[in-house]
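Everything below concerns the one structure shown next.
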Amino acid sequence: MAKIDAFFKLMHEQGASDLHLVSGQQPALRIRGDMERIKYKVLESDELRAMLYEITPEDKIKVFEETGDLDFGYELPGVARYRANFFMQKYGVAAVFREIPQTIVTCEQLGLPPVIPKLATLPRGLVIVTGPTGSGKSTTLAAIIDVANRTRKDHIITIEDPIEFVHESKSCIVNHREVGTHTQSFAAALRGALREDPDVILVGEMRDLETIALAIEAASTGHLVFGTLHTTSAAKTVDRIIEVFPAQQQEQIRSTLSDGIRAVLAQVLFKRVDKKGRVAAVEVMIATPAVRNLIRESKTYQIPSAIQTGKKYGMQLLDDAIMDLVHKGRISVEDAYMKANDKARFRPLLKAPPSDFTEA
């Protein structure tokens, strides 16, 4: 057993989402969103490097030594999988591990809106799950892919960096590809996927123009494509996709995107106050003809109004979802205020509204 495995077992027992190992500091766990130190000695750089290299593939060590950055997946049998990130910092090596549960949580268990599992049944199109780092995007996508895996008879390809949730083939054939191990890049894997008879494609991160362009192309040519971005609302997600392209291409992309897009989910994760655990508030935009028209005509600023009037299609604004969690007593008003888009709506609920000059 590797020396570091003891930390993973402690992490699992404590219900932590992340493990932080930093040269010159004590190890720490992120539990329910907060950092908590582990009662352990301060880690020396050479000692930590040896501990990390014990679980790192030889070829990955070479990449880290050359670049100072590394992402890969590690599995501790019987416990969980981990997404590992190594990086160099002022005092030496450091690493962060995110735990990926072995059991895939269902949409119902996550408390997601009823329209979300229905996205797995779409014949084609682009579905984007967006939100800040650590907002549960991978967990939501895994739950949707699991619905597809159980209910469809198709070929699912996932492209990730690294592989996170592992889906065993059920009614579908599922192939997992890891960037850097099984393919050179997201774009290369997407180009290849179009020749691999896929029905559903999961793109772990739409991080550059080529990947985004290929994802839109795949969605427009009869495939169901799921991807992630780091934006805070459905409208900003659409803007981000279009702004990636050169100005002379943007009008054409608006038209292509409006035809191909099916839904955008923008989510934020909150610490629960009613019991242990965390809960997601989700903005849901469904690409109705009205929404498609707004995208095509460059009127994305009107998307929030379209979401508000589209509740019968399962749509909801992020702030409405947050307010609902406040009324149900699941999250604190203070946390809601900090993560809401329209903070003025939540200020009257606070006993002592904070003074924030940036909100003036």
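Screening the range 185-204 for residues that are touching a Gly at 6+ places or on another chain (Cβ under 9 Å) and closer than 21 Å to Asn149 by Cβ and picking the one that is surrounded by the fewest Cβ atoms within 10 Å (Cβ to Cβ) gives Asp199. Here Ser258 clears all of (1) within 21 Å of Val115 (Cβ to Cβ); (2) in contact with a strand residue (DSSP E or B) (Cβ under 9 Å, 6 or more places away or on another chain) except the condition numbered (2). Reported count of residues in the range 81-101, each being within 18 Å of the chain's Cα centre (by Cα) and either outside any loop (DSSP other than H, G, I, E, B) or surrounded by 17 or more Cβ atoms within 10 Å (Cβ to Cβ) (or both), is 10.
Which one of these is of a type in the set (Lys, Arg) and at pLDDT below 95: Arg37, Arg83, Arg49? Just a single option satisfies the conditions, and that option is Arg83.
Among all residues of the range 178-191, there is none that is at pLDDT 95 or above, part of a strand (DSSP E or B) and under 19 Å from Lys137 (Cα atoms). In the range 6-21, the count of residues that are free of Cβ contacts under 8 Å to residues at least 12 places away in the same chain and part of a loop (DSSP other than H, G, I, E, B) is zero.
Listed here are the residues, each with its yes/no results for (1) farther than 23 Å from Gly204 by Cβ; (2) touching a helix residue (DSSP H, G or I) at 6+ places or on another chain (Cβ under 9 Å); (3) of a type in the set (Gly, Ala, Ser); (4) in contact (Cβ under 8 Å) with a residue 40 or more places away in the chain.
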residue	(1), (2), (3), (4)
Leu229	no, yes, no, yes
Ser233	no, yes, yes, yes
Phe245	no, yes, no, no
Val264	no, yes, no, yes
Val273	yes, yes, no, yes
Val333	yes, yes, no, no
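Looking only at the range 119-151, residues that are surrounded by fewer than 16 Cβ atoms within 10 Å (Cβ to Cβ) and in contact with an Asp or Glu (Cβ under 9 Å, 6 or more places away or on another chain) come to 2 in all.
Do we find that Val93 is over 23 Å from Glu13 (Cα atoms) and assigned by TED's automatic domain parsing to the domain that holds Thr232 in this structure? No. If you go through the range 27-50 and pick out every residue that is within 28 Å of the chain's Cα centre (by Cα) and of a type outside the set (D, E, K, R), you end up with 7. A single entry from Gln316, Gln308, Gln302 fulfils the requirement of being under 28 Å from Ile241 (Cα atoms) and in contact (Cβ under 8 Å) with a residue 40 or more places away in the chain: Gln316. Selection of first residues in the range 29-56 that are over 17 Å from Leu10 (Cβ atoms) and of second residues that are surrounded by 17 or more Cβ atoms within 10 Å (Cβ to Cβ) and among the small types (Gly, Ala, Ser), restricted to Cβ pairs under 7 Å at least 6 apart or on distinct chains, gives the following pairs, ordered by first then second residue: Glu44/Ser23; Ser45/Ser23. Which of the following residues is closer than 29 Å to Val166 by Cα and in the same structural domain as Thr121 (by TED's automatic domain parsing): Arg254, Arg292, Arg262? Answer to the selection: Arg262. Taking Ser171 as the residue in question, decide whether it is surrounded by fewer than 15 Cβ atoms within 10 Å (Cβ to Cβ), at pLDDT 95 or above and not in a helix (DSSP H, G or I). Yes; evaluated as a whole, the condition is true for this residue.
Does Ala2 satisfy the condition of being surrounded by 19 or more Cβ atoms within 10 Å (Cβ to Cβ), hydrophobic (A, V, I, L, M, F, W, C) and modelled with pLDDT under 95? No; evaluated as a whole, the condition is false for this residue.
If I ask for residues that are charged (D, E, K, R), under 20 Å from the mean Cα position of the chain (by Cα) and within 22 Å of Arg150 (Cβ to Cβ), which ones from the range 160-184 would you list? Within the range 160-184, Glu160, Glu164, Arg177 meet the criteria.
When we screen Val147, Val105, Val129 for residues that are within 29 Å of Asp319 (Cα to Cα), part of a strand (DSSP E or B), among the β-branched types (Val, Ile, Thr) and in contact with a helix residue (DSSP H, G or I) (Cβ under 7 Å, 6 or more places away or on another chain), the only hit is Val129. Restricted to the range 250-360, the set of helices (runs of 4 or more DSSP H) holding at least 3 residues that are under 30 Å from Arg124 (Cβ atoms) comprises 289-296, 303-308, 318-327.
In the range 142-166, the residues that are touching a residue at least 60 places away in the same chain (Cβ under 8 Å) and closer than 22 Å to Phe97 by Cβ reach residues that are assigned to a helix (DSSP H, G or I) and hydroxyl-bearing (Ser, Thr, Tyr) with C-beta atoms within less than 6 angstrom, at least six apart or across chains, in these pairs: Glu164/Ser138.
The values are calculated or read from the model by the stated rules, or taken from the named source; none is laboratory data. These figures come from a predicted structure and were not determined experimentally. Glycine also receives a Cβ, built like all others from the backbone with ideal geometry; neighbour counts cover every protein chain displayed.
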